[in-house]
Every structure is written in C-alpha cells, then in structure tokens.
Amino acid sequence: MILRIAAFELRKRLRMISTYVYFAVFFGIGALWMAIAGGAFSQASVEFGAGGKVFMNAPISILYLMMIGGYLGTTIAAAIAGRATFQDVDHHTSAFFFTAPISKLEYLGGRYLGALLSIGLLYPGLALGAIVMEHAPFVDATRVGPAVRGAYLSPLLTILLPNLVFTSSIFFGLAALVRRMLPVYVGAVVLVLGYLIAGN
C-alpha cells in the first residue's frame, strides 16, 4: 500500500507545473555556475581556492556546484515535502483517508516516499545544466577539462541524496505535526542559514 500511495503522490507531482519550474531552476543553477566558471561573464568569476587553475568541469568544481545547489534546493524540498502531508489538512480531506483500510504508517510512509522521489527527480537538473554548459560555444575552451561523468554522480549519491533524506524527513515531520506550512518554511530558512554558518 505504501508503494501505491507513493506512486499516486509522484504521479500527482509530475502533473503539476511547479515540478517542471523547480527542475528548470536547478537546471539554471547548474548552467549559470558553469557559465560563470567558464568565463562567459567578464564581470563574474568562480574560484575554488586554486588561483583560477581549476577546470570548470573538474570534480571539485562539480562538488561545489552540487553543494550550493543543495543549499538553494532546501526551500524547494521544504515546499514539496511539507505540502505532501499538509495538502490533505488544507483541503480538509485527511479524515477521509482514514475511513479507507489504510493505516497511518501506510498513509504517511507513502506520502513521504512520494515526496522524496519527487524531489530526487529534480536534483539531476543541476548536473544536466552543467553538462549542457560544458559544450556551450561562449565558454572559454581552455577552461574545459576532460569530461568525467562520475564526478557528477558521486556528489549526487554521497552528498545530495543523503541530505535530501535528512531535510525531507524534517520538513515532512514538521508539517505532519504542526499542520501548517509557515513553520516548515521558517525551518528551511533556519537550516540554510545553519549550513552557511557551519561552512564558514
């Protein structure tokens, strides 16, 4: 039953225009990062602590891209994970679900898994935007190194996805407990600030 509810939640998210807007935001972040690192904008630059001697598609550059994209994506994760459970409260339909033979674990587990899969489909937009920009004609070819596709996969699996599980759990649980979205968004802002402070 959990998988059926998760599939329902995922199908619903894929029919929403906001899902594609979020994917476009991630794609844009990845593309903009690589464009700046590739010298497409004379007034902007990205440094990786090596005096500008790092290729724009080097693993360290991609790692920074994924980390920053993950920070910025925290608010998107809050919107999707929090909304997954709050939507039924908002539409006054939560009691309806428990008239069916569905346990709370199945209901909440399915909603959570569906939200997690929905958010997980967005993060590859970072890598896709970066890969497209590697081949753009307006980037400096001397800043493009050999393509190492594993450099995109490694931070996705080791940083973004574990972080996604952690943050989505917080936002989903918060929305389920307080039954309001404002604390979820406040929690997202506090978490992003915490990331930035901890990084410094």
Legend entry - Top positive-direction residue, dipole computed over the chain with Cβ charges, set GLY109, THR75, ALA151: GLY109
Legend entry - Distance (nanometres) between label positions extended 7 Å along Cα→Cβ at PHE41 and MET1: 5.1 nm
Legend entry - Separation of the ILE102 and TYR20 label points, Cα + 7 Å toward Cβ, nm: 2.7 nm
Legend entry - Farthest positive-ward along the chain dipole, Cα basis, beta-carbon charges - from GLN87, ILE62, SER42: GLN87
Inset, instruction - On a 0 to 90° scale, report how tilted helix 59-72 is relative to the longest principal axis of the chain, with both axes built from alpha carbons and the result rounded to the nearest 10. - result: 40 degrees
Inset, instruction - Whole number in Å², please: accessible area per residue of the chain, 1.4 Å probe, ligands, DNA and RNA not counted. - result: 53 Å²
Inset, instruction - Taking only Cα atoms and a 10 Å spring cutoff, compute GNM fluctuations for the chain and point out the largest among PHE171, PHE138, PHE27. - result: PHE138
Inset, instruction - In debye, nearest 20, what is the charge dipole magnitude of the chain about its Cα centre with +1 on Lys and Arg Cβ and -1 on Asp and Glu Cβ, if you could check? - result: 440 debye
Inset, instruction - Name the most mobile residue of VAL25, VAL184, VAL148, meaning the one with the largest mean-square fluctuation, in a Gaussian network model of the chain with Cα contacts below 10 Å. - result: VAL148
Inset, instruction - Measure nothing but the geometry: give the 0 to 90° angle between the long axis through the Cα atoms of 2-14 and the longest principal axis through the Cα atoms of the chain, rounded to 10°. - result: 60 degrees
Legend entry - the chain - mean residue ellipticity at 222 nm from DSSP helices (-39,500 (n - 2.57) per run, n ≥ 4, rounded to 500): -22500 deg cm²/dmol
Legend entry - Computed E for TYR71/ASP140 - FRET, C-beta separation, R0 25 angstrom, nearest 0.05: 0.40
Legend entry - the chain: Rg to Rh, with Rh as the Kirkwood radius over Cα pairs: 1.05
Inset, instruction - For PHE8 and LEU193, compute 0.36 nm times the residue count separating them, minus their Cα-Cα distance, and round to one decimal in nm. - result: 63.3 nm
Inset, instruction - Using a 1.4 Å probe over the heavy atoms of the protein chains, calculate the carbon and sulfur portion of the accessible area of the chain as a whole percent. - result: 72 percent
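The values are calculated or read from the model by the stated rules, or taken from the named source; none is laboratory data. Just so we're clear, the structure is a prediction, and the values are computed from it rather than from any experiment. With ideal geometry, Cβ positions are generated from the backbone for all residues, glycine too; neighbour counts draw on all protein chains shown. What goes into the accessible areas is simple: the full protein's heavy atoms, side chains included, and nothing from ligands, DNA or RNA. Shrake-Rupley method; radii C 1.70, N 1.55, O 1.52, S 1.80 Å.
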